[in-house]
Structures are given as C-alpha cells and as structure tokens.
Amino acid sequence: MYEAILIKNDKDEYMLNSISTSRNAPHITGTIKQGINSFDSFTFTIYSTHPQYNNIVPFRSKIKVTNTKNNKVEFLGRVLTNTEELKENGLYYVTYICESELAFLRDSIVFYNIFENYTVKQYLEHLINVHNKNVSANYTNKDFVIGNVEFKDTITFTNDYGTIWENINKNLLDVLGGELQLRYVDGIRYLDYVKKIGVKSDVEICLGRNIKDLKRDWKFDDFATSFIPLGKKLDNSERRVNITSVNNGNYFIHNVEGRKKYGIIEKILIFDDIETPEELLKTGQDYVNSVVFNSSLSLTALELFYLGLDSDTFEVGNQYRIIADIFSIDYIARVIEKEIDINDPLNNKLTFDEKDIDIKAYNYRKTKKISNNVETTSKKLNSADYISKSDYDEFVKTTNDKIKELEDIISQQQGGDTNV
C-alpha cells in the first residue's frame with residue numbers, strides 16, 4: 001500500500017519498503033505524522049539484514065513515501081536522527097526520525113532589519129530569496145519558489161536574528177493567521193501561504209461504518225462559574241474600575257447553569273481598556289454567557305477508499321461530517337493531524353480541531369438518556385452494514401497477510417541470521 005524510497009544525491013533511488021509480500025522484498029516498519037503549519041515526520045525502523053541498512057546518512061539522505069493506491073506522496077523529507085538498538089537475542093536495528101522538506105527553512109538565518117510598507121508576498125519573497133541564497137552551495141537542492149499568497153496586507157515587518165522559519169511564524173502566522181503548504185510541480189518546490197487548506201469532503205465518518213475506535217478529551221482549564229470583571233486601573237494604583245455601582249453592589253456575575261451543576265468556582269476577568277462600569281458589566285456578561293467547554297476528538301477510521309467504497313482518502317485540512325450517537329456527536333470537524341501506519345492502513349488515526357460546547361448543551365448531553373448500551377455500540381464498531389461484508393473481510397485479510405509476512409521476516413532474523 002505504501003512504498004518507501006531512499007533518495008541519495010537528489011537522484012539515486014533505492015527501495016526501502018516494497019508493496020510486494022515476497023519474503024525477499026525489502027521491508028521496513030514506519031509511521032507518518034502530518035499536521036498544519038508544522039513539519040510532517042516519518043519514523044521508521046530498519047533491520048540490519050535490510051540491503052539499504054548501511055546506506056542511510058542523517059541530513060544527507062531523503063525518504064519518499066508514496067500511497068500506491070492513488071500515487072499520492074504522503075511524505076518527502078530528510079533523515080534527521082537515529083537510535084540504534086541491540087536486543088539480547090542478537091537482533092540489531094535502527095530507528096530513524098525524518099522531517100519534511102518544509103524544515104529546510106530552519107537551515108538559514110536572517111539578520112535584524114525593518115521592512116516598511118511591504119506586502120505579505122513581497123516580505124515572504126524576501127525571506128525565501130535570502131534562504132535560497134544561503135543554502136545555494138549546499139549538497140542538495142533546498143530552494144523554494146513562492147506560489148499562491150492569499151493575503152494582500154501591506155504592513156511593516158521587523159526581522160529578528162533567527163531562522164527563516166522563526167521569522168515566518170513571528171511576522172506572518174502569529175499575526176495574520178493562515179496556513180502554509182508545499183506543492184511540487186515538475187520538480188519545483190512551491191510554498192503557498194493561504195487562508196485555509198483543505199475542502200469540505202462528501203465522505204462521512206460514522207459509527208457502524210468506518211469508525212474503528214474513538215476518543216474525546218474535555219478541557220476545563222479556565223472554567224469558572226462566578227466572575228469578577230475588573231477594568232482600567234484607577235489613579236496609577238492597583239484599584240480598578242468595577243461593576244458594583246451598576247450591579248446592586250455586587251462584584252460578581254454568575255453563570256447560573258454552571259453554579260447549579262458545578263458549584264461555586266471563582267475567577268477574575270481583567271479588561272484593561274474599559275473605563276466605565278456600564279461597559280464593564282456588559283462586556284463581563286457577554287464573556288460569562290459565552291463560557292464553553294473545549295473538546296478534542298481523535299479516532300481511528302477505516303479508509304474505505306481502498307475498497308472503492310469512498311470517493312477519497314482522509315486528508316489533513318479537510319472537513320468531514322462525524323456521526324457517533326453514543327457521544328451525541330453529529331457535526332462537521334476538520335482534520336488537523338493524521339497518523340499513517342505504512343504497514344497497516346487499518347491503524348491510520350485522525351485528530352480533529354477543538355469544538356466549543358456551552359454549559360447548557362454539555363449538561364443536556366450528560367443527562368439525556370442514551371439508548372446505546374455497551375453491547376449495541378460494540379456491534380456498531382465491529383459491523384460493516386454499509387459495505388460489502390466480503391469486500392471488508394478481504395481487505396482485512398490482505399492487510400493481515402502483509403503483517404504476517406513482516407512478522408515472519410523478523411522471526412527469521414531473530415532465529416538464525418548470523419550477520420545480525
């Protein structure tokens with residue numbers, strides 16, 4: 001399913017992981033992690049019996065991993081670090097960590113400078129020109145070409161002493177938002193700076209169809225039920241504008257639903273720019289009314305694209321409708337991270353953006369009668385009602401056969417290879 005190639009000198013290619021199940025075909029184990037505005041990573045383990053075992057050089061070797069089902073390159077980057085291990089049974093192997101080519105922007109630095117009335121594209125082009133010049137004499141091609149830039153702002157930029165990557169984050173991503181992506185066209189490495197990558201997908205992620213397992217984390221770090229809003233400091237002292245004069249002598253604004261459910265949890269709100277009690281009361285009340293719980297969702301989903309039952313694979317940046325009634329989930333969420341197991345597509349994991357749920361909705365979700373019991377939910381997780389059972393079983397069998405082949409190879413290495 002996933003073919004991995006070792007690239008030396010930007011041109012010579014050697015097979016690291018073949019899709020062939022032959023015992024003689026080269027294989028590695030590995031996991032790809034993809035995200036937004038971050039360097040993708042590929043971690044893989046190679047055994048001493050592999051024909052390319054001695055040919056991998058940190059910083060100089062590149063790895064390309066391709067999904068052979070749709071010919072999509074899932075990872076392209078350089079080898080970064082490695083860990084060597086020797087087991088008591090004599091098995092010797094190395095685990096490498098690789099980073100995507102976006103990380104090349106950490107290899108060059110800029111000096112302090114101010115750029116007045118530059119457009120975003122002009123400033124980004126300046127940074128990339130400096131980068132390309134700085135790394136031009138290197139052993140490998142690290143050049144970028146500026147592609148699509150959706151931001152039209154004209155502002156003043158100040159470079160700090162630091163890497164190109166650090167200044168892109170400080171002056172662009174942290175100020176304007178937006179997202180970076182790499183595109184490859186005819187061997188040219190294009191850097192796009194867009195408002196948001198990805199599209200709304202027609203593929204749905206549903207319990208009973210393609211959800212293998214699911215986990216949701218709730219965050220209550222800044223939660224409170226009673227708030228004291230304070231405004232601007234008075235007379236250069238620590239005293240501040242408060243709401244007692246317009247709130248019946250009371251400093252507090254209460255979240256009634258929250259107090260009923262969770263009791264009294266107090267918090268101070270500081271609004272340094274508010275000068276009047278009336279405005280402070282309104283702003284404080286608006287804040288209290290907007291108190292939410294944050295939740296993050298991660299799950300393992302079967303990519304039915306490989307069976308021809310879905311129109312596409314799951315992609316970072318895309319939005320999907322997720323339906324899981326036992327969690328009272330039925331909403332659109334965006335994939336912000338994907339983890340790919342190159343040896344078993346059934347283990348691919350997705351992480352979604354955080355969702356805000358207000359206290360009333362959270363209380364309803366917790367107290368409503370849920371019709372799904374453990375047995376019903378288990379059946380849904382293990383069913384394939386929406387797909388051909390024979391196709392599903394064949395997909396699972398094929399994947400398990402590949403895993404068994406790898407296990408046999410490892411077992412042989414453990415058992416009698418005197419070169420290990």
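The values are calculated or read from the model by the stated rules, or taken from the named source; none is laboratory data. Keep in mind that this is a model prediction, so the values were computed, not measured. Because the Cβ atoms are built from the backbone with ideal geometry, glycine has one as well, and the counts that use them run over all protein chains shown. Remember, those area values only see protein heavy atoms, side chains included, never the ligands or the DNA or RNA. Shrake-Rupley method; radii C 1.70, N 1.55, O 1.52, S 1.80 Å.
Taking strands (runs of 3 or more DSSP E) that do not extend beyond the range 1-55, which have at least 2 residues that are in contact with a Ser or Thr (Cβ under 8 Å, 6 or more places away or on another chain)?
Those strands (runs of 3 or more DSSP E) span 2-8, 29-35, 41-47.
Just one of Arg259, Arg216 is among the basic types (Lys, Arg), touching a helix residue (DSSP H, G or I) at 6+ places or on another chain (Cβ under 9 Å) and either part of a helix (DSSP H, G or I) or within 30 Å of Thr351 (Cβ to Cβ) (or both); which is it?
Numbers: Arg259 fails: touching a helix residue (DSSP H, G or I) at 6+ places or on another chain (Cβ under 9 Å).
Exactly one residue qualifies, and that residue is Arg216.
Does Gly258 satisfy the criteria of being among the small types (Gly, Ala, Ser) and at pLDDT 85 or above?
Spelling it out, it is not the case that Gly258 is among the small types (Gly, Ala, Ser) and at pLDDT 85 or above.
Please count how many residues of the range 237-253 are open to solvent by less than 70 Å² (accessible area, probe 1.4 Å) and either of a type outside the set (A, V, I, L, M, F, W, C) or assigned to a loop (DSSP other than H, G, I, E, B) (or both). First the steps, then the outcome.
Going residue by residue through the range 237-253, those that are open to solvent by less than 70 Å² (accessible area, probe 1.4 Å) are 237, 240-244, 246-247, 249-250, 252-253.
Next, from what is left, pick out any that are either of a type outside the set (A, V, I, L, M, F, W, C) or assigned to a loop (DSSP other than H, G, I, E, B) (or both): 237, 240-244, 247, 249-250, 252.
Total meeting the criteria: 10.
Could you pull out the residue among Leu214, Leu234, Leu230, Leu269 that is closer than 30 Å to Val335 by Cα and aliphatic (A, V, I, L, M)?
Selected residue: Leu214, the only one of Leu214, Leu234, Leu230, Leu269 that is closer than 30 Å to Val335 by Cα and aliphatic (A, V, I, L, M).
Residues to consider are Val73, Val57; find the one that is open to solvent by 40 Å² or more (accessible area, probe 1.4 Å), over 25 Å from Met1 (Cα atoms) and among the β-branched types (Val, Ile, Thr).
From the options Val73, Val57, the qualifying one is Val57.
Can you tell me which residue within the range 86-106, out of those that are open to solvent by 60 Å² or more (accessible area, probe 1.4 Å) and more than 16 Å from Ile32 (Cα to Cα), is nearest to the chain's Cα centre (by Cα)?
Once the filter is applied, the top-ranked residue is Arg106.
Whether any residue in the range 142-152 is surrounded by 13 or more Cβ atoms within 10 Å (Cβ to Cβ) and out of contact with any strand residue (DSSP E or B) (no Cβ under 8 Å at 6 or more places or on another chain) is what I want to check.
yes
Scan the range 123-160 residue by residue and report those that are more than 18 Å from Tyr193 (Cβ to Cβ), at pLDDT 90 or above and not in a helix (DSSP H, G or I).
Across the range 123-160, the qualifying residue is only Lys142.
Note down all Cβ pairs under 6 Å where the first residue falls in the range 246-265 and is within 21 Å of Leu280 (Cβ to Cβ), the second is assigned to a helix (DSSP H, G or I) and open to solvent by 80 Å² or more (accessible area, probe 1.4 Å), and they're at least six residues apart or on different chains.
From the range 246-265, the pairs are Val246/Glu278.
Any chance you could count how many residues in the range 270-296 are in contact with a Leu (Cβ under 7 Å, 6 or more places away or on another chain) and without any contact (Cβ under 8 Å) to a residue 60 or more places away in the chain?
4
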